[in-house]
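Below you'll find the structure, written out as structure tokens, and then a few comments.
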Amino acid sequence: MGTEERDDYAYTGLHAYVLVHDVSATTQDPDRNASKFIRQLQDMSRPEGPVTAAVELAGTFKGLVHLRLDDGDVNGIQDQLADALWDGVTHELAYEGPVYMGPTQELIGLKRHTCDIVAFVRVWVEKGRAREVLGRLGDELGDRFHGASIVYGGCDILLALEGPTFKEVASAVFTKLQQIEGIVRTETSFTDYRRVPGHEPAG
């Protein structure tokens, strides 16, 4: 299981994930695209928020952005997304709910990544089984598991898997994950975390 760098902000405040579908060029920036937009947000990232992380994805979504504001500050989230920077950005929003708790009661959410290849998986589960499935993910997925949270948005759980190679991460997605009882649908996007500023490549 991956280890995660902790800070004072990781599990305090209101957390939300913005899944970026597409980014349009603007009159002011005719060369704008998803990659350029994500790089702008990476430059703005701070541990305390409001933008704490942004990563470019290959898959159903083109990017994932993590926002953190004060507890209950839904208005602050809306203000962020109403900023002109987000004009022309098609996205979905998911608020973070309960976070996976490990066997020693440590919280393991989708906050920091230590391996090079990361998969972000949207998970849909049978009605009433979100907490049960969340609690089983770490044991069932083993070393590839790197955090999960119940989310309030288009899916039930947002899951992170990671590993040194695409093959190892994809194998966990398409074999182990699909065998977990209660899961009815998944949707996966991948990223090479070496594209994220400050990430130290796995040795």
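The values are calculated or read from the model by the stated rules, or taken from the named source; none is laboratory data. Just so you know, these numbers come straight off a predicted model, no measurement behind them. Glycine gets a Cβ as well: all are built from the backbone with ideal geometry, and neighbour counts include every protein chain shown.
Is it the case, given these coordinates, that LYS176 is outside any strand (DSSP E or B) and without any contact (Cβ under 8 Å) to a residue 24 or more places away in the chain? Give the steps one after another, and end with the answer.
On the way: outside any strand (DSSP E or B): yes; without any contact (Cβ under 8 Å) to a residue 24 or more places away in the chain: no.
So LYS176 does not fit the description; no.
What residue, of LYS127, LYS111, is modelled with pLDDT of 95 or more and in a loop (DSSP other than H, G, I, E, B)? Talk me through it step by step, then tell me what you get.
Details: LYS111 fails: modelled with pLDDT of 95 or more.
None of the other options fit; the residue is LYS127.
For ASP143, state whether it is modelled with pLDDT under 95 and exposed (fewer than 13 other Cβ atoms within 10 Å of the Cβ). Working first, answer last.
On the way: modelled with pLDDT under 95: yes; exposed (fewer than 13 other Cβ atoms within 10 Å of the Cβ): no.
No: the conditions fail for ASP143.
Do you know which residues across region 19-35 are more than 16 Å from ASP83 (Cβ to Cβ) and either out of contact with any strand residue (DSSP E or B) (no Cβ under 7 Å at 6 or more places or on another chain) or β-branched (Val, Ile, Thr) (or both)?
Here is the first cut: in region 19-35, the residues more than 16 Å from ASP83 (Cβ to Cβ) are 19, 21-22, 25, 27, 30-31, 33-35.
Correct list: ALA25, THR27, PRO30, ASP31.
Looking at region 157-179 only, could you name the residues that are more than 13 Å from the chain's Cα centre (by Cα) and crowded, with 18+ Cβ neighbours inside 10 Å?
GLY163, VAL169, ALA172, VAL173, LEU177
Please report, ordered by residue number, the strands (runs of 3 or more DSSP E) entirely within region 7-79 with at least 1 residues that are at pLDDT 95 or above and surrounded by fewer than 14 Cβ atoms within 10 Å (Cβ to Cβ).
Working: elements: 14-23, 51-56, 63-69.
Passing ranges, in order: 14-23.
If you go through region 180-190 one residue at a time, do you hit one that is among the hydrophobic types (A, V, I, L, M, F, W, C), crowded, with 21+ Cβ neighbours inside 10 Å, free of Cβ contacts under 8 Å to residues at least 60 places away in the same chain and touching a Lys or Arg at 6+ places or on another chain (Cβ under 9 Å)?
Checking region 180-190: not a single residue is among the hydrophobic types (A, V, I, L, M, F, W, C), crowded, with 21+ Cβ neighbours inside 10 Å, free of Cβ contacts under 8 Å to residues at least 60 places away in the same chain and touching a Lys or Arg at 6+ places or on another chain (Cβ under 9 Å).
For residues that are among the acidic types (Asp, Glu) and under 17 Å from TYR193 (Cβ atoms), tally how many sit in region 140-172.
Kept after step one, since they are among the acidic types (Asp, Glu), are these residues of region 140-172: 140, 143, 156, 162, 168.
Checking the rest, the ones that are also under 17 Å from TYR193 (Cβ atoms) come to 143, 162, 168.
Summing the residues that are among the acidic types (Asp, Glu) and under 17 Å from TYR193 (Cβ atoms) in region 140-172 gives 3.
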